[in-house]
1. Tell me the carbon and sulfur percent of the accessible area for the range 196-244, rounded to whole percent, probe radius 1.4 Å.
2. Before I look further, what does the range 289-361 give for accessible area per residue, probe 1.4 Å, in whole square angstrom?
3. Just the number please: accessible area per residue for the range 57-137, 1.4 Å probe, all protein chains included, in Å².
4. Per residue, how much accessible area does the range 170-252 show when a 1.4 Å probe rolls over the protein heavy atoms, in square angstrom?
5. Give the aspartates and glutamates whose C-alpha is closer than 20 Å to that of residue 274, dropping any in the same chain fewer than 8 places away, or say none.
6. For the pairs 36/224; 36/336; 111/295; 224/336; 224/295, flag any whose C-alpha to C-alpha distance is greater than 24 Å.
7. Counting other Cβ atoms within 10 Å of each Cβ, which trypsin sites (Lys or Arg not before Pro) in the range 199-231 have at most 15 and sit in a DSSP loop?
8. If we sort 288-295, 128-135, 162-169 on the protection proxy, mean other Cβ atoms within 10 Å, highest first, what's the order?
Amino acid sequence: METDLVEGPLKGYHHQTYAVRLDPASPFAKDFGRLKLREPREGVYWYDMRWFPSEDLVLRLLDDHYRDRLPHIPHVRNLNVQGQWTAFLGFIEGVTLDRMPGSRGARVAEKYVGQIVELFRSLVAVDPRLLETFGGPFPCGCEQHEATGPQPTRAAVQGGSTAFLRGLTHFTVRHAYEDRQRASLHDLLTELGVPRSALAAFERRRPQLTDRPRALLHGDLHRKNFIVDPDGALWTIDWELALIGDPLYDLATHLHLMAYPEDQEENLIGRWEKAVGEDAAAGAREDLPHYRAYKRVQSLCTDVIRAATRLLESPDVPGTRAAYTRLRGTSALVGKVLDAAREPLGVEKAPSRPAVEGVFHDWWRQAREAAHGGTPATTHSGQGSSGP
């Protein structure tokens, strides 16, 4: 839907989002050009541990206490609507960083890299003690969720950098992947050559990290969560995955998601160390590989589930040309993350793209047959689908 007043729904995984232009008589018109209104998507699964129950709460706390240090984040205003206080977020006008001209491939223009470094500097300047009492490590991003498996505890993620990484790993393996598998999926990773024992062994590894002071983390700093406004200022949006924890994790997540060229990445790491200071950067060079290994395993777990879910929700029918095209895309994505996670998981060889395609083809066919009351066929042949 797009009119002079409403634009949307805008792309987003967790919410349906609309940008609404305000009437000049609105009490918010002096602060906002447009508001961002969101509704949670039904049935959406959360793959990341979070600290705060809502993005609105994070932004309201930062708006109240740290507006001078974090000026380029969405503004929040509260309005009493029919006796209930409701938070409204300002819509940031501009273009996402991935669509900015002048950037070649994965390289990011220096004027934006400098602002990203300043964001990291500002985040470690926020006193986490003011924020951490307003939340805790939510397993799926909402207080109402009743988790079926073991949960990371507040003590675990507050116990220093080693415990923080341990809590993240435990959450990904035991909750985000294994609980999800038990709920609705076959053990796809085993079919793809990653046995449960490899995940369990990865979780049991307990690298000893240097303790760094806890800080506010955004948790999802990638190109689509940076908006460049008409004046060239870089705004940071989508604070739903914010955490209180080891600041090195924010850097590792950012590097994982941005995929900078090697020279630019090395430059950014050095600038990050100077920006956050000696305490926050202590042991960073030694500990960064441990967080990056975790991010590769996390990506594998979540991308396998997402790929299977997209196939199940697809209107395409296995065996058709459209389904073959979809399977080719799925096998390319999953094959890439399988290869990246192979070393930290101790897997000697990743399956070929045709083998990955075969796993998902057979899983998709069996899932559709089961959904339509048929008898699922036997497991996949591993040879890949041939297409029509």
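1. 49
2. 46
3. 52
4. 35
5. Correct list for residue 274: 110, 118, 127, 211, 246, 250, 262, 263, 265, 266, 286, 287.
6. 36/336; 111/295
7. Answer in residue order: 205.
8. Descending packing order for the listed peptides: 162-169, 288-295, 128-135.
The values are calculated or read from the model by the stated rules, or taken from the named source; none is laboratory data. Predicted model only: the values in this text are computed from it and were never measured. Neighbour counts are summed over all protein chains in view; Cβ atoms, including those assigned to glycine, are modelled from backbone coordinates with ideal geometry. Areas reflect the complete protein model, heavy atoms only, side chains present, ligands, DNA and RNA absent. Shrake-Rupley method; radii C 1.70, N 1.55, O 1.52, S 1.80 Å.
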